[in-house]
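Participant: This is the structure I want to talk about, given as structure tokens.
The values are calculated or read from the model by the stated rules, or taken from the named source; none is laboratory data. If you're wondering where the values come from, they're calculated on a predicted model, not measured in any experiment. Heads up, the Cβs are rebuilt from the backbone with ideal geometry, glycines too, and the neighbour counts pull from every protein chain shown.
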């Protein structure tokens with residue numbers, strides 16, 4: 001990263017940037033950018049290798065065949081459909097993209113993978129001019145391209161095939177592509193994805209894995225992004241007790257990670273996912289006793305459970321279990337994390353873009369920064385994310401050296417109703 005970021009213990013940072021701590025108020029409770037971007041690496045039979053693509057819901061619906069090698073409603077894409085139930089953008093990386101590309105005498109598949117073996121080239125004489133050929137590309141049963149040419153030298157590459165311009169065109173009923181293979185989806189592939197993801201902004205990254213080493217990799221990544229680089233995101237994993245607000249630990253099954261990832265990435269800063277209805281496509285195991293559900297909350301497990309005929313989120317919690325003076329119980333709540341992340345991200349963006357190297361570190365400069373910070377917090381108050389906001393409690397003072405400023409602020413997170421205690425006196 002070009003600018004410093006993350007938390008601080010003393011005012012000893014070398015890189016210019018924004019260093020922001022969030023701590024719990026002692027003996028008390030917790031002392032506006034759009035959300036909706038999820039990141040995930042998947043095993044696919046088709047797709048660009050070594051590249052993260054920003055896939056919107058519209059791209060997914062309209063262009064899934066050429067991007068992913070399967071139609072939008074294909075069973076293979078259930079997981080992505082579950083993510084898009086709540087996310088607006090998915091940063092997608094193909095884990096197994098280093099395999100072989102299918103080919104035939106007339107062309108080579110644009111992407112590696114077994115889906116390339118479903119390509120075929122059909123060549124027919126043009127009905128209006130028998131000196132010309134109609135060269136058709138099929139992907140499975142779908143006709144994806146037709147070109148009318150006199151020779152292969154005139155063929156133009158399409159979304160699926162790079163043509164061999166030195167080929168001899170001849171009429172055929174369909175020349176199949178062969179040799180397409182998938183690459184390895186190992187820990188090294190996951191690490192390559194996370195290395196590339198550092199250059200992107202997202203709200204959550206997910207790992208659909210039951211391998212503890214893979215889940216540990218994602219947990220460590222999320223912690224490092226938050227604590228060392230100031231990049232506020234959460235990792236969503238299955239059955240990995242990370243004991244950190246940076247990690248959401250899904251209890252039910254690894255397939256539930258897809259939907260949970262979209263929820264963690266897409267839930268608004270002033271909303272909670274507690275009691276949210278599961279509207280995904282997978283069969284999720286939810287047969288838990290009341291005792292097991294209570295234990296799940298205590299263990300920091302994001303759990304789906306049955307409520308009548310519905311499946312709902314039990315509690316919008318992350319994996320944090322061990323509390324301290326710096327991080328109390330309120331940090332177990334993902335709504336708290338979303339608000340803290342929003343404050344940190346917005347104020348850091350304002351400082352880095354408007355103040356760093358531009359505004360003098362004098363009284364008027366610090367007053368200007370104070371005004372912008374108050375504006376950020378005021379916007380969160382207006383949408384009901386924080387309450388009891390008193391601008392007089394925000395201070396911006398000179399730091400330990402002439403380049404530093406020190407900001408102290410106190411905010412109260414607005415909770416969501418989750419428990420009803422009622423006493424009814426009958427007379």
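Participant: Please go through segment 351-389 and give me each residue that is in a loop (DSSP other than H, G, I, E, B) and more than 34 Å from the chain's Cα centre (by Cα), ordered by number.
Facilitator: 359, 360, 361, 362
Participant: If residue 113 satisfies all but one of (1) on the phi > 0 side of the Ramachandran plot; (2) in the same structural domain as residue 215 (by TED's automatic domain parsing), what's the number of the condition it fails?
Facilitator: For residue 113, the exception is condition (2).
Participant: Residue 173: assigned to a helix (DSSP H, G or I) and out of contact with any helix residue (DSSP H, G or I) (no Cβ under 9 Å at 6 or more places or on another chain), yes or no?
Facilitator: Details: assigned to a helix (DSSP H, G or I): no; out of contact with any helix residue (DSSP H, G or I) (no Cβ under 9 Å at 6 or more places or on another chain): yes.
It is false that residue 173 is assigned to a helix (DSSP H, G or I) and out of contact with any helix residue (DSSP H, G or I) (no Cβ under 9 Å at 6 or more places or on another chain).
Participant: Taking the condition modelled with pLDDT under 75, in contact with a helix residue (DSSP H, G or I) (Cβ under 9 Å, 6 or more places away or on another chain) and farther than 27 Å from residue 141 by Cα, does residue 3 pass?
Facilitator: Values: modelled with pLDDT under 75: yes; in contact with a helix residue (DSSP H, G or I) (Cβ under 9 Å, 6 or more places away or on another chain): yes; farther than 27 Å from residue 141 by Cα: yes.
Answer is yes for this residue.
Participant: If you don't mind, there's one more thing I want to ask. Just give me the residues in segment 193-219 being assigned to a helix (DSSP H, G or I) and more than 16 Å from the chain's Cα centre (by Cα), in sequence order.
Facilitator: Narrowing segment 193-219 to residues assigned to a helix (DSSP H, G or I): 193-197, 212-219.
Within segment 193-219, 212, 213, 214, 216 qualify.
Participant: Something else about it: If I filter segment 80-94 for residues that are in contact with a helix residue (DSSP H, G or I) (Cβ under 6 Å, 6 or more places away or on another chain) and assigned to a strand (DSSP E or B), do I get at least one hit? Write out each step before concluding.
Facilitator: Let us first name the residues in segment 80-94 that are in contact with a helix residue (DSSP H, G or I) (Cβ under 6 Å, 6 or more places away or on another chain), namely 82-87, 90, 93.
In the following step, the residues that additionally are assigned to a strand (DSSP E or B) were identified as 90, 93.
Yes: one or more hits.
Participant: Only one of 301, 283, 353 is modelled with pLDDT of 95 or more and either in contact with a helix residue (DSSP H, G or I) (Cβ under 9 Å, 6 or more places away or on another chain) or not assigned by TED's automatic domain parsing to the domain that holds residue 248 (or both). Can you tell me which? Even if it seems obvious, please write down each step before you answer.
Facilitator: Values: 283 fails: either in contact with a helix residue (DSSP H, G or I) (Cβ under 9 Å, 6 or more places away or on another chain) or not assigned by TED's automatic domain parsing to the domain that holds residue 248 (or both); 353 fails: modelled with pLDDT of 95 or more.
Just a single option satisfies the conditions, and that option is 301.
Participant: Quick check: is even one residue across segment 143-152 surrounded by 18 or more Cβ atoms within 10 Å (Cβ to Cβ), in contact with a helix residue (DSSP H, G or I) (Cβ under 9 Å, 6 or more places away or on another chain) and either in a strand (DSSP E or B) or at positive phi (or both)?
Facilitator: No, there is no match, as no residue in segment 143-152 is surrounded by 18 or more Cβ atoms within 10 Å (Cβ to Cβ), in contact with a helix residue (DSSP H, G or I) (Cβ under 9 Å, 6 or more places away or on another chain) and either in a strand (DSSP E or B) or at positive phi (or both).
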